[in-house]
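Single-structure report; data block below.
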Amino acid sequence: MRAANINPRTGLATDYLNHFNEAIMLLEMIPDMPDCAEDFLTWRPLSYREHFAASNFKARDLAIAAYDSADPAIRGEFDGLTGAMTSILTAVGAAMRQARQDKTRATLAEQATGWVKPLVTLAGGIINGKGPEADVDYIMTH
């Protein structure tokens with residue numbers, strides 16, 4: 001699993017975070033290039049399984065199987081964060097569709113980036129086992 005960038009302890013792959021990083025990148029461009037709002041509005045939420053099923057990721061079947069067999073508590077915490085990110089991005093997209101001014105879209109983009117980036121970092125922490133406490137737990141149980 002390590003060769004496929006899937007954490008063997010958590011069963012999760014960081015590749016899924018690219019889905020959210022793409023949206024963040026588009027949002028970050030909107031204040032300087034308002035036309036990028038249209039690109040952001042084409043972003044669609046994908047679940048973990050949907051992301052890998054639609055990707056060219058070499059180990060996509062392994063990533064889905066590892067996710068399905070991941071500890072339910074870890075997967076639940078991860079899904080909660082990714083669900084929050086999806087909700088934020090979806091709500092911001094809806095607000096941008098209603099906005100009439102570039103300045104409003106830029107403000108929405110900046111706010112969304114500020115909310116989603118820390119959640120991506122937290123999700124990355126879950127994927128990677130949350131740090132030293134998880135390492136000790138893993139060592140003690142194996």
Taking Lys and Arg as +1 and Asp and Glu as -1, residues besides Arg75 with C-beta under 13 Å from its C-beta add up to -2
At a Cα cut-off below 29 Å, give the lysines reachable from Lys103, other chains included and same-chain residues fewer than 8 away excluded. Lys117
Just to confirm, what accessible area per residue do you get for the chain at 1.4 Å probe, in whole Å²? 57
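What whole-number value in cubic angstrom gives the convex hull volume per residue for the C-alpha atoms of the stretch 35-87? Can you show the working numbers first?
On the way: hull volume 4.3 nm³, N = 53.
Output value, Cα hull per residue: 81 Å³.
Mean separation of Cα pairs under 8 Å and 6+ residues apart, divided by the residue count of the stretch 1-136: what relative contact order is that in percent?
36
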Using the Cα atoms of the chain to build a convex hull, what is its mean projected area in square nanometres? 8.9
Leaving out ligands, DNA and RNA, and with a 1.4 Å probe, what % of the accessible surface on the chain is carbon or sulfur? 55
Under 20 Å between alpha carbons, and skipping anything fewer than 8 positions from Lys130 in its own chain: which aspartates and glutamates qualify? Asp15, Asp68, Asp71, Glu77, Asp79
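The values are calculated or read from the model by the stated rules, or taken from the named source; none is laboratory data. Values in this document were obtained by computation on a predicted structure and should not be read as measured data. Because the Cβ atoms are built from the backbone with ideal geometry, glycine has one as well, and the counts that use them run over all protein chains shown. Heads up: the accessible areas ignore ligands, DNA and RNA and are worked out on the full protein's heavy atoms, side chains in. Shrake-Rupley method; radii C 1.70, N 1.55, O 1.52, S 1.80 Å.
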